[in-house]
Amino acid sequence: MIRIRKSVRRRIMKYLSLTICAAIFCAVMLGIPAVAKVIPDEVCAFLASRIMKEEYARMRREFAAAYVEEESILTCEPVSLAAVLGYDFEEEPSPGVPDGVELVGTVDLRGWSGTPRLIIRNATSYNADISAMAESEWPVKTKNADLPTVLIIHTHGTEGYLPSGGFYYTEDEDYRSTDITENVVAAGTVICNALNAAGIVTVHDTVMYDEKSYTDAYTASRRAASEWLFRYPSIVYIIDVHRDAIVNSEGVNCKPICEIGGRESAQVMLLIGTDEAGADHADWRTNLTVAAKIQQQMNTLFPGLARPISLRSASFNQQLAPGYMLLEIGSCVNTIDEAKYAAELFSESFIAAYREGNG
């Protein structure tokens, strides 16, 4: 039997232990990436936070021992466990965007590039030369400038906008509000104030005629407009302020937007009805001529503000007055600030067209 001296045995055991430790270390290191991939994100974030805290505490102890008091030196970025383990985290959501929301899309619906031009989206079988109409005489005569000349009304008054700075929406959002500082009534107030300040006497009906019944809204607003006309026969322009809803091919809600004067503005659209669907509205071309002239002013003063004019077969109550028009300001995902700025720009265009037509 061979006897091994104690010193030799110790050396053999030491080398054997080192070999075993090296093998275990290699196995662990090779297995870390695979293990890391199955670690939940929450655990990684928690461990990273703990590492950061421990590292921060160690630094403070070391610096304190050396009498270092510079606070900025003690500031460090959180240690990334992903970098240590070689694990790729999924991209984090943008700051300030809650889970389960959709970012608002943007779209430019002016319909032209280069030089502004008049465009009409004609959904009827009628021919309508809006360029010729824009160059014709102003077709509406003011009856009494000292009395109300313009009525602003809201058939769909609860149509709302996103709040200031809003850039996302939720799937369950209905885009409606009865707060007249957050919906199309607020845009109507801007127009009313601007026209009155320019000396065009304007009344504003702030009733939301869709609040009780959406399907009966046009019947209710027709009755109201008729009552206003009975009270003030001097009214020859009626502006029914709405907002649109625009969805792209991917199902994302989009806002029609442009930049004017260094600010973002919702784009607007004038919609004119006809008698093609059976309404008693033989003089619809007068309404369209007024719209064409206002559109021309928007193109001149604020290129990009106006979407093409929309000509439709239904009348939208526009047989009640020769200057009756439906004004779409932005869409449901424009912000209230963008809508109010668009209302301000539209008002300037209306005033310019009105003054040009009335000498």
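The values are calculated or read from the model by the stated rules, or taken from the named source; none is laboratory data. Model, not experiment: these values are computed from the prediction. Virtual Cβ from ideal backbone geometry, glycine too; neighbours counted across all protein chains shown. Surface areas here come from the heavy atoms of the whole protein model, side chains and all, with no ligands, DNA or RNA. Shrake-Rupley method; radii C 1.70, N 1.55, O 1.52, S 1.80 Å.
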Fill in the blank from the handout: Computed ³J(HN,Hα) along segment 183-200: with the Karplus parameters 6.51/-1.76/1.60, θ = phi - 60°, integer Hz and x for glycine or proline, the list is 10, 5, 4, 5, 5, x, 5, 4, 5, 4, 5, 5, 5, 5, 5, 8, x, 9
Practice task
Give the value in nm², to one decimal: projected area of the alpha carbon convex hull of segment 219-359, averaged over all directions.
Solution key: 9.7
Handout entry: Probe 1.4 Å - accessible area at S177, Å² to nearest ten
Key = 20
Completion exercise
With all protein chains in place and a 1.4 Å probe, Y232 shows an accessible area in Å² (nearest 10) of 70
Problem - Of K255/K340; K141/K212; K212/K293, those spanning more than 26 Å from alpha-carbon to alpha-carbon - result: K141/K212; K212/K293
Fill in the blank from the handout: At q = 0.15, 0.22, 0.24 Å⁻¹, the log10 of I(q)/I(0) for segment 122-221 from a Debye sum over equal Cα scatterers comes to -0.88, -1.08, -1.12
Fill in the blank from the handout: Toy charge model, Lys and Arg Cβ at +1, Asp and Glu Cβ at -1: segment 89-201 dipole around Cα centroid in debye, rounded to 20, equals 1080
Practice task
Please sort 135-146, 255-266, 290-301 by packing, taking for each peptide the average over its residues of neighbouring beta carbons within 10 angstrom, highest first.
Solution key: 290-301, 255-266, 135-146
Practice task
Mind giving me the FRET efficiency for A123 and T178? R0 is 35 Å, r the Cβ-Cβ distance, nearest 0.05 is fine.
Solution key: 0.65
Practice task
Could you tell me the accessible area of V107 in Å² (1.4 Å probe, neighbours in place), rounded to the nearest ten?
Solution key: 40
Completion exercise
Other residues with Cβ under 12 Å from the Cβ of Y354 give, with Lys and Arg +1 and Asp and Glu -1, a net charge of +1
